[in-house]
Each structure stands twice: as structure tokens, then as C-alpha cells.
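Student: Take this structure, written in C-alpha cells, and hold onto it; I'll ask about it next.
The values are calculated or read from the model by the stated rules, or taken from the named source; none is laboratory data. Bear in mind that the values here come from a model prediction, so they are computed numbers and not experimental data. Virtual Cβ from ideal backbone geometry, glycine too; neighbours counted across all protein chains shown. In case anyone asks, the SASA skips ligands and DNA or RNA and just uses the protein heavy atoms, side chains included. Shrake-Rupley method; radii C 1.70, N 1.55, O 1.52, S 1.80 Å.
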Amino acid sequence: MRISPRSESTRDVAWSFPEYQDLKEATRSFTGVAARGRRGTLLQLPDGTSELELVNVVSLDFFTVLGVSAHLGRVFGPDDAAALDATPGVVLGHAFWQRQYGGDPSIVGRTILFGRGPAAKATAI
């Protein structure tokens with residue numbers, strides 16, 4: 001089920017992260033509540049060019065709440081907060097993995113560069 005706030009002037013309004021946390025703590029009707037936001041980022045390709053990609057930014061319990069697992073590697077879990085603060089991680093969608101990396105299973109554990117600068121990298125988990 002998708003839960004989204006509404007205002008008198010717009011149909012769907014974005015939740016702030018603190019609002020999501022409040023909803024997650026207060027809900028008694030669901031076994032879990034997860035968050036997802038979408039944004040654009042530059043993916044730096046091995047040939048030195050970059051490509052704009054639309055990515056999902058998800059809460060740590062996103063995959064657990066949906067009951068899905070990884071085809072290869074693993075997904076985020078609620079206990080990953082400290083590890084992901086130290087070393088950001090990324091879960092690749094199947095179509096993206098096939099398109100950008102040809103389905104190469106050795107992508108797990110490799111660094112993927114997003115955006116610009118030294119802080120713009122993540123490890124494929």
C-alpha cells in the first residue's frame with residue numbers, strides 16, 4: 001500500500017524524513033513501513049563519460065518490508081546504518097545491472113561512481 005499525504009492544493013505531497021519516522025513509529029495497522037524517494041544522479045562510466053540516471057533512495061527496511069531479496073549479493077537491512085554511513089552501498093536493479101554491466105556478477109563489491117567528487121561513490125552490495 002502506498003501512503004502519501006495530501007493538501008488542499010495538491011494531490012500528492014512529499015513526506016519529510018522525520019514525518020516518515022513518526023508514521024513508522026505510530027502505525028499499528030501494518031507489519032512495516034518503508035520509504036522511497038526518487039532523484040537524478042550522474043553515473044560515471046568506465047570510459048570517462050557520465051550518464052544521468054534516475055535512482056531510488058530507500059529506507060534501510062525497504063527490502064525487508066517488501067519481502068524481497070537479491071538475485072546476487074544482498075540488500076540493505078535495518079542493521080546496516082553504521083556500515084552504510086562509513087561506506088555507502090548501492091543495490092542495483094536487474095535491468096540496470098544488465099544494461100550497464102552486462103549482468104557481470106563480479107560487480108558485487110566493486111565501487112560505482114556517482115556525481116562528482118570523492119564522496120560520490122558507493123559499493124555494490
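Student: Please work out if Leu60 is in contact with a strand residue (DSSP E or B) (Cβ under 8 Å, 6 or more places away or on another chain) and hydrophobic (A, V, I, L, M, F, W, C).
Tutor: So Leu60 fails the test.
Student: Right, here's the next one. For the range 98-108, enumerate the residues that are open to solvent by less than 40 Å² (accessible area, probe 1.4 Å) and closer than 30 Å to Gly32 by Cβ. Before the answer, list the steps.
Tutor: Kept after step one, since they are open to solvent by less than 40 Å² (accessible area, probe 1.4 Å), are these residues of the range 98-108: 103, 107.
Residue satisfying the conditions is Ile107 alone.
Student: Still on this structure, I have one more. In this structure, is Arg2 surrounded by fewer than 13 Cβ atoms within 10 Å (Cβ to Cβ) and under 25 Å from Ala120 (Cα atoms)?
Tutor: Against the criterion (surrounded by fewer than 13 Cβ atoms within 10 Å (Cβ to Cβ) and under 25 Å from Ala120 (Cα atoms)), Arg2 does not qualify.
Student: Right, another one. When Thr111 is evaluated against the numbered criteria (1) closer than 26 Å to Pro46 by Cα; (2) of a type in the set (Val, Ile, Thr); (3) buried (at least 17 other Cβ atoms within 10 Å of the Cβ), which criterion, by number, is the only one it fails?
Tutor: Here Thr111 meets the rest and fails (3).
Student: Six or more apart or on different chains, Cβ under 7 Å: which pairs go from a residue in the range 94-113 that's among the β-branched types (Val, Ile, Thr) to one that's open to solvent by 60 Å² or more (accessible area, probe 1.4 Å)? Could you list them?
Tutor: Val108/Leu72; Thr111/Lys121; Ile112/Lys121
Student: Looking at Val57, Val75, which one is open to solvent by less than 80 Å² (accessible area, probe 1.4 Å), within 28 Å of Arg2 (Cα to Cα) and modelled with pLDDT under 90?
Tutor: Selected residue: Val57, the only one of Val57, Val75 that is open to solvent by less than 80 Å² (accessible area, probe 1.4 Å), within 28 Å of Arg2 (Cα to Cα) and modelled with pLDDT under 90.
Student: Among the numbered criteria (1) surrounded by fewer than 13 Cβ atoms within 10 Å (Cβ to Cβ); (2) at pLDDT below 85, which single criterion is violated by Arg36?
Tutor: (2)
Student: Considering every residue within the range 12-20, establish whether at least one is open to solvent by 70 Å² or more (accessible area, probe 1.4 Å), of a type in the set (Ser, Thr, Tyr) and in a loop (DSSP other than H, G, I, E, B). Don't jump to the end; show me each part of the working.
Tutor: Just the residues of the range 12-20 that are open to solvent by 70 Å² or more (accessible area, probe 1.4 Å), to begin with: 14-15, 17-19.
Of the ones still in play, those that are also of a type in the set (Ser, Thr, Tyr) are none.
No: the range 12-20 contains no residue that is open to solvent by 70 Å² or more (accessible area, probe 1.4 Å), of a type in the set (Ser, Thr, Tyr) and in a loop (DSSP other than H, G, I, E, B).
Student: For the range 82-94, indicate whether the set of residues that are part of a strand (DSSP E or B) and of a type outside the set (S, T, N, Q) is non-empty.
Tutor: Yes, the range 82-94 contains a residue that is part of a strand (DSSP E or B) and of a type outside the set (S, T, N, Q).
Student: I've got another one for you. Which condition does Ser50 not pass, out of (1) within 18 Å of the chain's Cα centre (by Cα); (2) open to solvent by less than 80 Å² (accessible area, probe 1.4 Å); (3) farther than 17 Å from Thr123 by Cα, if it passes all the others?
Tutor: (1)
Student: So which of Ala26, Ala95, Ala81, Ala70 is closer than 15 Å to Ile125 by Cα and open to solvent by 40 Å² or more (accessible area, probe 1.4 Å)?
Tutor: Ala81
Student: Exactly one condition in (1) of a type in the set (S, T, N, Q); (2) open to solvent by less than 70 Å² (accessible area, probe 1.4 Å); (3) at pLDDT below 85 is false for Thr87; which is it?
Tutor: (2)
Student: While we're on this one: So, Leu72, is that one part of a loop (DSSP other than H, G, I, E, B), over 15 Å from the mean Cα position of the chain (by Cα) and in contact (Cβ under 8 Å) with a residue 24 or more places away in the chain or not?
Tutor: Yes; evaluated as a whole, the condition is true for this residue.
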